[in-house]
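The values are calculated or read from the model by the stated rules, or taken from the named source; none is laboratory data. Everything quoted here is computed from the prediction, not taken from an experiment. Counting neighbours? That spans all protein chains shown, and the Cβs are built from the backbone with ideal geometry, glycine included. Heads up: the accessible areas ignore ligands, DNA and RNA and are worked out on the full protein's heavy atoms, side chains in. Shrake-Rupley method; radii C 1.70, N 1.55, O 1.52, S 1.80 Å.
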Amino acid sequence: QMWEEAIALGKELAEQYENEMFDYEQLSELLRKQAQFYENIVKVIRPKPDYFAVGYYGQGFPTFIRNKVFIYRGKEYERREDFEARLLTQFPNAEKMKTTSPPGDDIKNSSGQYIQCFTVKPKLDLPSKFHKPVSEQIVSFYRVNEVQRFEYSRPVRKGEKNPDNEFANMWIERTIYVTAYKLPGILRWFEVKSVFMVEISPLENAIETMQLTNDKINNMVQQHLNDPNLPINPLSMLLNGIVDPAVMGGFTNYEKAFFTEKYMHEHPEDHDKIEKLKDLIAWQIPFLAEGIRIHGEKVTEALRPFHERMEACFRQLKEKVEKQYGVRAVPSSLDDRRGSRPRSMVRSFTMPSSSRPLSVASVSSISSDSTPSRPGSDGFVLEPLLPKKMHSRSQDKLDKDDLDKDKKEKKKEKRNSKHQEIFDKEFKSTDISLQQSEAVILSETISPLRPQRPKSQVINVISSERRFSVSPSPPSSQVTPPPITPRTKLSFSIQSNLELNGMSSADLTDIPPPLPLKGSMADYGNLMESQDLISPATSPPAHQRVSP
């Protein structure tokens, strides 16, 4: 379940599949696995194993472990007693030590075998990429993985014993163990390379305890916000242990020990630390309020009296804390962290026409010396049209679908008006001298998957009438239409004395002859099967422009 490590290896494989092997099938399968790993990190709750410090003392052990300390990673949900029993089966003659303090030379130099085992706490070492607060579900992996520093805290009493308040003189003797490598690694245990000890004063211990308590409340609240199906029992025990003073005493013991005039006078250097402790106590109230609100929404009827008592205790606690230490507002991250989208994702997809990229279109009527047109990816072609009154529609299209098609045409005209503006801006320099009655629209064509014809073959001159043919000629009585034709298009012609996109009839002298006729209907939709079908009196029909 170390999905973070699997993702790191998957990225290396993805680089090979994409840029070295070009195996996109394996790449797609790998990316699907990575997506599942990311989802597991956020949704699946993984068990947190315990770590144990084990010391082998005495001359009876082999030399590679003699008088050395190792940090072991326990199995999932393995208790210290079970780990010790498993360890002692390997050394049945060893004696288990009762204390956690380092042994003396008499034990180290003895001929026997002494094993010392106790639980240590891994110290979080977040990677540098987490430069801002992230979800606890993501951070929780690094609390027990990729750790190299471990600590063991042992309470030590200094000074006179105070029977009323044990926190006043309770110091913490903290031992830090640094292993040779990070755990877990190729082994489940590594040797301790360095050990050092620090002392924590009672006030510093109180500050640390309050900070851990607030973090624990906040983390559990976030877990219930992200997953409403979590059981409520752990939340009930946590809130009741803090709110109900009969259970643990709360922070009342801290007030008796450190918020007195006597302590202030004896320890003037701790003024800033005392203010920090008061601030942490004040911040606990909004976290508790959010936790009790969630508890009230999920509590069952059987636990309703328990919840009402907890609410009553919280009201008293809240009134007291806000009166003495001030009011703190709930941090916005508590409400906004869940389900929020990055601002980069909430981006408007509507752009003005001036900044929107031009659609890929094929303008077949541009002169041959201009920039070559690009084939339209959607089969759209820009065409000049005559006024609407000169359009002729075939009778077979006048059916009951006219109303629906008129609506579609109106929508298309709205879209085409934007493209017309872009078209005018792009080709203003070509001095197109078309009449004002002409317009440029987009028409969709369906054609076989063939390469686009050369531009020189798109416009042909009819020798008898000297007309430009931009679309197929209208069917005449002498010629029968082919049985399979592309989508019906609007037919029109432009007189030869007009300049089409800056190209006059004099510019068409270098046009090569048309392609020979083919017998297959799939190649040229507008050509006849046989030349005999064409009347000798009529000139050959203009070739139809085919879009890819």
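Quick notes on this one:
- Output for the range 188-213, where each listed residue is of a type in the set (A, V, I, L, M, F, W, C) and either more than 39 Å from the chain's Cα centre (by Cα) or surrounded by 13 or more Cβ atoms within 10 Å (Cβ to Cβ) (or both): Trp189, Phe190, Val192, Val195, Phe196, Met197, Val198, Ile200, Leu203, Ala206, Ile207, Met210
- The set of residues in the range 301-333 being over 20 Å from Gly241 (Cβ atoms), open to solvent by less than 80 Å² (accessible area, probe 1.4 Å) and among the β-branched types (Val, Ile, Thr) consists of Val330 alone.
- Residue within the range 271-281 that is outside any helix (DSSP H, G or I), at pLDDT below 90, farther than 30 Å from Val147 by Cα and of a type outside the set (Phe, Trp, Tyr) present: no
- For Lys216: the one exception among (1) surrounded by 15 or more Cβ atoms within 10 Å (Cβ to Cβ); (2) under 24 Å from Ile281 (Cβ atoms); (3) in the same structural domain as Ile274 (by the TED database): (1)
- Highlighted here are the strands (runs of 3 or more DSSP E) found entirely within the range 104-198 that include at least 2 residues which are charged (D, E, K, R): 147-157, 170-183.
- Filtered residues of the range 272-290 (kept if over 15 Å from Thr213 (Cβ atoms), in contact (Cβ under 8 Å) with a residue 24 or more places away in the chain and open to solvent by 40 Å² or more (accessible area, probe 1.4 Å)): Lys273
- Total residues in the range 117-147, condition open to solvent by 60 Å² or more (accessible area, probe 1.4 Å) and within 11 Å of Tyr177 (Cβ to Cβ): 2
- Filter result for the condition that a residue is assigned to a helix (DSSP H, G or I), closer than 24 Å to Gly241 by Cβ and in contact with a His (Cβ under 9 Å, 6 or more places away or on another chain), over Leu212, Leu203: Leu203
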